[in-house]
Amino acid sequence: MINDYRYRLDNSRPRIKVTCPACGRSRKLVRYVNTQTGLFLADHVGKCDRIFKCGYHYTPSDYFRDHPWLNDITSHRPVSLHIINEQLSQPSFIERSWMVESMNRSQSSSLFRFLSSLWGNDETMRLFRLYNVGATSRMNDAAVFWQVDINGCIRTGKIMRYGNNGHRIKEDGLVNLMWAHRMKSMVDNPEDFNLVQCFFGEHLLSVCPDSKVLIVESEKSAVIASHYYPQYLWLASGGCCGCLNQTA
Ligand SMILES: [Zn+2]
(Lines give C-alpha, C1' and ligand atoms only; values in the text may rest on other atoms or scores of the structure.)
Protein backbone atom coordinates (compact mmCIF):
# COMPACT_ATOMS: atom_id res chain seq x y z
CA MET A 1 0.00 0.00 0.00
CA ILE A 2 2.90 2.34 0.70
CA ASN A 3 3.54 2.34 -3.01
CA ASP A 4 0.20 3.92 -3.69
CA TYR A 5 1.27 6.97 -1.72
CA ARG A 6 4.66 7.20 -3.34
CA TYR A 7 3.01 7.08 -6.73
CA ARG A 8 0.09 9.05 -8.08
CA LEU A 9 -1.68 9.20 -11.41
CA ASP A 10 0.10 11.65 -13.68
CA ASN A 11 -1.64 15.03 -13.63
CA SER A 12 1.05 17.17 -15.23
CA ARG A 13 0.18 19.46 -18.14
CA PRO A 14 0.38 18.66 -20.93
CA ARG A 15 -0.29 15.13 -19.89
CA ILE A 16 1.22 12.47 -22.11
CA LYS A 17 -0.95 9.37 -22.21
CA VAL A 18 0.13 6.11 -23.75
CA THR A 19 -1.54 3.14 -25.41
CA CYS A 20 -3.71 1.07 -23.08
CA PRO A 21 -2.43 -2.52 -22.95
CA ALA A 22 -5.94 -3.88 -22.42
CA CYS A 23 -8.06 -2.16 -25.05
CA GLY A 24 -5.21 -1.14 -27.34
CA ARG A 25 -6.45 2.45 -27.78
CA SER A 26 -3.64 4.95 -28.15
CA ARG A 27 -3.23 7.89 -25.76
CA LYS A 28 -5.76 6.53 -23.25
CA LEU A 29 -3.61 5.24 -20.41
CA VAL A 30 -2.72 7.67 -17.62
CA ARG A 31 0.42 6.34 -15.96
CA TYR A 32 1.53 6.44 -12.35
CA VAL A 33 4.40 8.76 -11.57
CA ASN A 34 6.82 8.62 -8.63
CA THR A 35 6.10 11.73 -6.55
CA GLN A 36 9.74 11.98 -5.47
CA THR A 37 11.59 11.38 -8.73
CA GLY A 38 8.91 12.41 -11.25
CA LEU A 39 9.59 9.21 -13.17
CA PHE A 40 6.95 6.85 -14.48
CA LEU A 41 6.85 3.43 -12.89
CA ALA A 42 6.32 1.47 -16.12
CA ASP A 43 4.30 2.03 -19.25
CA HIS A 44 1.58 -0.45 -18.34
CA VAL A 45 1.04 0.77 -14.78
CA GLY A 46 -1.88 3.13 -15.03
CA LYS A 47 -5.55 3.71 -15.52
CA CYS A 48 -7.40 3.67 -18.82
CA ASP A 49 -9.54 6.72 -19.59
CA ARG A 50 -12.24 4.44 -20.94
CA ILE A 51 -13.52 3.59 -17.52
CA PHE A 52 -16.66 1.77 -18.65
CA LYS A 53 -15.64 0.37 -22.01
CA CYS A 54 -12.24 -0.90 -20.89
CA GLY A 55 -11.78 -0.50 -17.14
CA TYR A 56 -8.08 -1.34 -17.13
CA HIS A 57 -6.51 -0.15 -13.88
CA TYR A 58 -3.15 -1.59 -12.89
CA THR A 59 -1.92 0.08 -9.72
CA PRO A 60 1.58 0.39 -8.26
CA SER A 61 0.47 -2.12 -5.61
CA ASP A 62 -0.45 -4.60 -8.34
CA TYR A 63 2.86 -3.95 -10.01
CA PHE A 64 4.97 -4.59 -6.92
CA ARG A 65 2.89 -7.63 -6.02
CA ASP A 66 3.55 -9.10 -9.48
CA HIS A 67 7.22 -8.05 -9.44
CA PRO A 68 8.24 -8.49 -5.78
CA TRP A 69 11.94 -8.40 -6.57
CA LEU A 70 11.53 -4.79 -7.76
CA ASN A 71 10.27 -3.56 -4.42
CA ASP A 72 11.96 -0.40 -3.33
CA ILE A 73 13.62 -1.44 -0.09
CA THR A 74 13.99 2.17 1.12
CA SER A 75 10.27 2.36 1.66
CA HIS A 76 9.68 -1.16 2.85
CA ARG A 77 10.80 -3.69 5.32
CA PRO A 78 13.88 -5.14 3.69
CA VAL A 79 12.92 -8.24 1.76
CA SER A 80 15.43 -10.96 2.38
CA LEU A 81 17.22 -12.43 -0.58
CA HIS A 82 15.92 -15.80 0.48
CA ILE A 83 12.32 -14.70 -0.01
CA ILE A 84 13.09 -13.08 -3.36
CA ASN A 85 14.82 -16.20 -4.59
CA GLU A 86 11.97 -18.34 -3.41
CA GLN A 87 9.41 -16.21 -5.23
CA LEU A 88 11.50 -16.16 -8.37
CA SER A 89 12.18 -19.85 -8.33
CA GLN A 90 8.75 -21.10 -7.33
CA PRO A 91 6.15 -20.02 -9.84
CA SER A 92 2.60 -21.25 -9.40
CA PHE A 93 1.20 -23.62 -11.98
CA ILE A 94 -2.21 -24.34 -13.43
CA GLU A 95 -3.51 -27.87 -13.48
CA ARG A 96 -3.13 -29.63 -16.80
CA SER A 97 -6.78 -30.69 -16.91
CA TRP A 98 -7.82 -27.07 -17.55
CA MET A 99 -5.55 -26.87 -20.54
CA VAL A 100 -6.76 -30.24 -21.85
CA GLU A 101 -10.36 -29.14 -21.51
CA SER A 102 -9.73 -25.95 -23.44
CA MET A 103 -7.73 -27.84 -26.08
CA ASN A 104 -10.69 -30.17 -26.64
CA ARG A 105 -12.76 -27.22 -27.75
CA SER A 106 -10.05 -25.34 -29.60
CA GLN A 107 -11.93 -25.62 -32.91
CA SER A 108 -14.71 -23.45 -31.54
CA SER A 109 -12.69 -20.23 -31.44
CA SER A 110 -13.09 -17.63 -34.16
CA LEU A 111 -9.34 -17.62 -34.55
CA PHE A 112 -9.39 -21.33 -35.38
CA ARG A 113 -12.18 -20.86 -37.90
CA PHE A 114 -10.31 -18.01 -39.55
CA LEU A 115 -6.98 -19.83 -39.80
CA SER A 116 -8.58 -23.08 -40.95
CA SER A 117 -10.24 -21.15 -43.78
CA LEU A 118 -6.69 -20.37 -44.94
CA TRP A 119 -4.84 -23.54 -44.07
CA GLY A 120 -7.49 -26.22 -43.66
CA ASN A 121 -8.59 -27.97 -40.50
CA ASP A 122 -5.73 -30.44 -40.19
CA GLU A 123 -2.90 -27.95 -40.47
CA THR A 124 -4.60 -25.51 -38.10
CA MET A 125 -5.21 -28.30 -35.61
CA ARG A 126 -1.59 -29.41 -35.89
CA LEU A 127 -0.35 -25.92 -35.04
CA PHE A 128 -2.88 -25.35 -32.26
CA ARG A 129 -1.83 -28.68 -30.70
CA LEU A 130 1.84 -27.90 -31.18
CA TYR A 131 1.52 -24.51 -29.48
CA ASN A 132 -1.28 -25.37 -27.03
CA VAL A 133 -3.91 -22.96 -28.28
CA GLY A 134 -7.30 -23.79 -26.80
CA ALA A 135 -10.62 -22.03 -26.49
CA THR A 136 -12.92 -21.15 -23.64
CA SER A 137 -16.69 -21.17 -23.60
CA ARG A 138 -16.47 -17.84 -21.84
CA MET A 139 -15.96 -14.60 -23.73
CA ASN A 140 -17.67 -15.96 -26.87
CA ASP A 141 -15.21 -18.79 -27.42
CA ALA A 142 -12.09 -16.70 -27.06
CA ALA A 143 -8.76 -18.30 -27.89
CA VAL A 144 -6.52 -19.39 -25.01
CA PHE A 145 -2.78 -19.20 -25.55
CA TRP A 146 -1.26 -21.42 -22.88
CA GLN A 147 2.17 -20.60 -21.55
CA VAL A 148 3.85 -23.93 -20.98
CA ASP A 149 7.44 -23.73 -19.78
CA ILE A 150 10.40 -25.79 -20.89
CA ASN A 151 9.59 -28.36 -18.18
CA GLY A 152 6.03 -28.76 -19.41
CA CYS A 153 4.50 -26.86 -16.47
CA ILE A 154 1.64 -24.48 -17.20
CA ARG A 155 2.35 -20.94 -16.04
CA THR A 156 -0.87 -19.30 -17.26
CA GLY A 157 -3.12 -18.90 -20.28
CA LYS A 158 -3.74 -15.65 -22.10
CA ILE A 159 -7.34 -15.46 -23.22
CA MET A 160 -8.15 -13.18 -26.14
CA ARG A 161 -11.12 -12.61 -28.38
CA TYR A 162 -10.82 -12.59 -32.14
CA GLY A 163 -13.27 -11.66 -34.85
CA ASN A 164 -14.11 -13.64 -37.98
CA ASN A 165 -11.39 -11.71 -39.83
CA GLY A 166 -8.69 -13.04 -37.49
CA HIS A 167 -8.12 -9.68 -35.82
CA ARG A 168 -8.51 -9.09 -32.11
CA ILE A 169 -11.78 -7.62 -30.93
CA LYS A 170 -11.03 -4.60 -28.79
CA GLU A 171 -13.81 -2.14 -29.37
CA ASP A 172 -17.15 -3.66 -28.50
CA GLY A 173 -17.02 -2.87 -24.80
CA LEU A 174 -16.84 -6.47 -23.56
CA VAL A 175 -13.89 -8.02 -21.76
CA ASN A 176 -11.38 -8.88 -24.46
CA LEU A 177 -8.35 -9.98 -22.47
CA MET A 178 -8.28 -12.34 -19.50
CA TRP A 179 -5.75 -14.55 -17.80
CA ALA A 180 -6.29 -18.15 -16.77
CA HIS A 181 -4.51 -17.60 -13.43
CA ARG A 182 -7.06 -14.90 -12.57
CA MET A 183 -10.05 -17.19 -13.07
CA LYS A 184 -11.50 -18.57 -9.87
CA SER A 185 -12.75 -21.59 -11.78
CA MET A 186 -9.17 -22.67 -12.52
CA VAL A 187 -7.20 -21.43 -9.54
CA ASP A 188 -8.26 -21.81 -5.92
CA ASN A 189 -6.79 -18.52 -4.75
CA PRO A 190 -5.96 -16.16 -7.63
CA GLU A 191 -4.58 -13.67 -5.07
CA ASP A 192 -1.92 -16.16 -3.99
CA PHE A 193 -0.98 -17.24 -7.49
CA ASN A 194 2.69 -16.47 -8.11
CA LEU A 195 2.68 -15.65 -11.79
CA VAL A 196 6.04 -16.00 -13.48
CA GLN A 197 5.41 -15.84 -17.19
CA CYS A 198 7.39 -17.76 -19.75
CA PHE A 199 7.60 -17.48 -23.51
CA PHE A 200 4.58 -18.70 -25.40
CA GLY A 201 5.90 -21.82 -27.16
CA GLU A 202 8.74 -22.28 -24.68
CA HIS A 203 7.85 -25.97 -24.21
CA LEU A 204 8.99 -26.55 -27.81
CA LEU A 205 12.57 -25.70 -26.83
CA SER A 206 12.88 -29.10 -25.22
CA VAL A 207 11.43 -30.82 -28.32
CA CYS A 208 13.64 -29.10 -30.88
CA PRO A 209 16.71 -27.88 -29.00
CA ASP A 210 18.74 -27.37 -32.18
CA SER A 211 16.28 -25.10 -33.98
CA LYS A 212 17.07 -21.49 -34.61
CA VAL A 213 14.76 -19.51 -32.31
CA LEU A 214 13.01 -16.32 -33.35
CA ILE A 215 10.92 -14.26 -30.95
CA VAL A 216 7.91 -12.19 -31.89
CA GLU A 217 5.56 -10.18 -29.75
CA SER A 218 2.16 -11.71 -30.39
CA GLU A 219 1.14 -15.30 -29.81
CA LYS A 220 -0.93 -15.34 -32.99
CA SER A 221 2.08 -14.16 -35.00
CA ALA A 222 4.19 -17.01 -33.62
CA VAL A 223 1.61 -19.58 -34.75
CA ILE A 224 1.25 -17.99 -38.19
CA ALA A 225 5.00 -17.65 -38.65
CA SER A 226 5.43 -21.29 -37.73
CA HIS A 227 3.14 -22.24 -40.61
CA TYR A 228 5.00 -20.17 -43.20
CA TYR A 229 8.56 -20.59 -41.84
CA PRO A 230 8.57 -24.00 -40.18
CA GLN A 231 12.37 -24.20 -40.35
CA TYR A 232 12.51 -21.82 -37.35
CA LEU A 233 11.17 -22.17 -33.84
CA TRP A 234 8.89 -19.21 -33.20
CA LEU A 235 8.25 -18.00 -29.65
CA ALA A 236 6.17 -15.04 -28.44
CA SER A 237 7.08 -12.68 -25.64
CA GLY A 238 3.42 -11.73 -25.14
CA GLY A 239 3.88 -7.97 -25.52
CA CYS A 240 3.91 -5.41 -22.80
CA CYS A 241 2.83 -7.68 -19.97
CA GLY A 242 4.88 -10.64 -21.11
CA CYS A 243 7.97 -12.36 -19.89
CA LEU A 244 10.54 -10.05 -21.43
CA ASN A 245 9.42 -7.18 -19.23
CA GLN A 246 9.52 -9.11 -16.01
CA THR A 247 13.24 -8.74 -15.56
CA ALA A 248 13.51 -5.36 -17.25
ZN1 LIG B 1 -8.16 0.61 -22.07
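The values are calculated or read from the model by the stated rules, or taken from the named source; none is laboratory data. Just so it is clear, the model here is predicted, and its values are computed rather than measured. Positions of Cβ are backbone-derived with ideal geometry, glycine not excepted, and every protein chain shown enters the neighbour counts. Remember, those area values only see protein heavy atoms, side chains included, never the ligands or the DNA or RNA. Shrake-Rupley method; radii C 1.70, N 1.55, O 1.52, S 1.80 Å.
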- If amide H atoms are built 1.01 Å from N in the plane of the peptide, which residues on other chains or at least 5 residues away come under 5 Å of the amide H of Thr156? Gln147
- Query: Which of the trypsin sites (Lys or Arg not before Pro) found in the range 140-248 are loop residues per DSSP with 14 or fewer other Cβ atoms within 10 Å of their Cβ?
  - Reply: Lys184
- Item | Whole-Å distance, taken between Cα centres, linking the range 7-30 and the range 141-212 | 25 Å
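Counting only pairs 8 or more places apart or on different chains, how many lysine pairs in the chain have C-alpha atoms closer than 12 Å?
On the way: Lys17/Lys28; Lys17/Lys47; Lys28/Lys47; Lys28/Lys53; Lys53/Lys170; Lys158/Lys220.
Lysine pairs satisfying the spacing and distance rule in the chain number 6.
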- Of all C-alpha pairs within the chain, those more than 31 angstrom apart amount in percent to 28 percent
- Item | 3J(HN,Hα) from dihedral phi, the range 181-188, Karplus parametrisation 6.51/-1.76/1.60, rounded to Hz, x for glycine, proline | 6, 9, 8, 4, 5, 9, 10, 4
- Message: For the full complex of protein chains and a 1.4 angstrom probe, list Thr124, Thr59, Thr19 by accessible area with the highest value first.
- Response: Thr19, Thr59, Thr124
- Ranking Ile224, Ser137, Trp98 by how far each Cα lies towards the positive end of the charge dipole of the range 96-246 (+1 on Lys and Arg Cβ, -1 on Asp and Glu Cβ), the top one is Ser137
- Task: For the chain, find the longest principal axis of its Cα atoms and tell me its angle to the long axis of helix 121-131, 0 to 90°, nearest 10.
- Result: 40 degrees
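Heavy atoms only, probe 1.4 angstrom, no DNA, RNA or ligands counted: give me Arg50, Arg15 ranked by accessible area, highest first.
Details: Arg50 30, Arg15 90 Å².
Ranked list, largest accessible area first: Arg15, Arg50.
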- So what does Met186 come to for accessible area, using a 1.4 Å probe and Å² rounded to 10? 40 Å²
- Task: Note the full-extension length gain between Arg113 and Ser12 as 0.36 nm times their separation in residues minus their Cα-Cα distance, in nm to one decimal.
- Result: 31.7 nm
- Query: Residue by residue, what Karplus-based ³J(HN,Hα) values in Hz, rounded to whole numbers, does the range 23-33 have, using 6.51, -1.76 and 1.60 with θ = phi - 60° and x for Gly and Pro?
  - Reply: 9, x, 6, 6, 6, 10, 8, 8, 8, 8, 10
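Could you put Asp172, Asp188 in order of accessible surface area, largest first, with the 1.4 Å probe and the full protein assembly present? Before the final figure, lay out each step's value.
Working: Asp172 75, Asp188 145 Å².
These residues rank, largest area first, as Asp188, Asp172.
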- Query: Does the range 92-229 come out rounded, prolate or oblate, given a ≥ b ≥ c as the square roots of the eigenvalues of its C-alpha gyration tensor, rounded meaning a/c under 1.5 and, failing that, prolate meaning a/b above b/c?
  - Reply: oblate
